[in-house]
Amino acid sequence: MRLRIAERANGFAVLIALGVLLCASSVPAQNPDTLTPDASAAKAKQILQQLIDAFGGPTYMDIRDSDCEGRLARFGHNGELSGYTNFKDYWRYPDANRTEFSKKGVIINLYVGDQGWTLDKGGVSDLSPASVADFQEQAKKDINNLLRLRMKDPGMTIRYGGTDIVDLKTVDWVDITDPEQRNFRLAVDRSSHLLARAVVSTPDESMNSRNVETNIFTNFQLMDGVRTAMQITTDRNGRRSSQVFFSICKYNSGLPADLFTKASLGKRFSEVGSKKYKDEKKKEKEEN
């Protein structure tokens, strides 16, 4: 009797699996290659408008700054989890970002356009040109900047990329390429019209290839009128690099302008950093 029940259960499992496959294969697909360039662009723009509306429409498009808190999970080169870090992340769009690590916020990275500084236990110092250049590249690849600002730039091309199944969801792909040959592939959930994932590939001249960064967006919650992905998983060139777990996000909360200045880091260091640093140095001298 138990054997028959097990056999029936296995049979049902097979039927369910087949059903999922049949449903996936029965999704009406439109071959993007059969569309004219104008029709392809029009369809892609329609999907992007649905995405923007799902995010919050005019409320989303009018975001000037954001204030988010959460935990960051980091992964080593072998893909194993290396630990968690608490953080606060402030944006003044499009190119000012301040990230405070740890609960006390004593390690801070601040970027404003083509400038960057860091605060640690030794004080405030300039970030390297390479670090600033990397931030500028990340700002250009940021999906929020893309949707709210960069789509208006001259030389942007857009096309419909077809239908697919991603994480058991039916999605429509939208392909966008900027004048510097960054390619954005956005998977938009056909049911919710929210962003399922974004695949951004950029030229790597040193390796004569392309770097591929994939962001997976899940757990959308309504925050200040904006649908916000509370979990973002990032893979770089096929390897897991980080996961962000937001606990809260605020938008257009009126962040003070001086929050994004080098002077603010000096003030912060005088409040929480200098005494701790001096105490550590004093302890080191006593031990030696």
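Just so it is clear, none of the values below were taken in a lab; they were calculated from the coordinates. From a predicted model like this one, the values you see are computed outputs, not experimental measurements. Here the Cβ positions follow ideal geometry from the backbone for every residue, glycine too, while neighbour counts run over all protein chains shown.
Quick look at the values:
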{"read-out": "Contour excess over end-to-end distance, with Cα ends at residue 34 and residue 231 and 0.36 nm allotted per residue", "value": "67.3 nm"}
{"read-out": "Difference of contour (0.36 nm per residue) and Cα-Cα distance, residue 190 to residue 250", "value": "18.9 nm"}
{"read-out": "Relative contact order of region 156-241, defined on C-alpha pairs under 8 angstrom at six or more residues apart (%)", "value": "16"}
{"read-out": "Top positive-direction residue, dipole computed over region 51-146 with Cβ charges, set 135, 68, 123", "value": "123"}
{"read-out": "Two-site label geometry, residue 209 and residue 131: point separation in nm, points 7 Å out along Cα→Cβ", "value": "2.8"}
{"read-out": "Pairwise Lys count, region 86-192 - Cα closer than 20 Å, eight or more residues apart or different chains", "value": "7"}
{"read-out": "In nm, spacing of pseudo-spin labels at residue 270 and residue 157 (7 Å Cα→C-beta vector)", "value": "5.4"}
{"read-out": "Spin-label model distance (nm) - residue 53 vs residue 239, 7 Å beyond Cα toward Cβ", "value": "4.3"}
{"read-out": "In region 53-97, trypsin sites (Lys or Arg not before Pro) in a DSSP loop with at most 15 other beta-carbon atoms within 10 Å", "value": "64"}
{"read-out": "Residues of type aspartates and glutamates that residue 262 reaches as a straight line, Cα spacing below 12 Å, ignoring anything fewer than 8 places off in the same chain", "value": "126"}
{"read-out": "For region 106-262, size of Cβ-based charge dipole, Lys and Arg +1, Asp and Glu -1, in debye", "value": "380"}
{"read-out": "Projected area, mean over directions - region 77-184, Cα convex hull, nm²", "value": "9.9"}
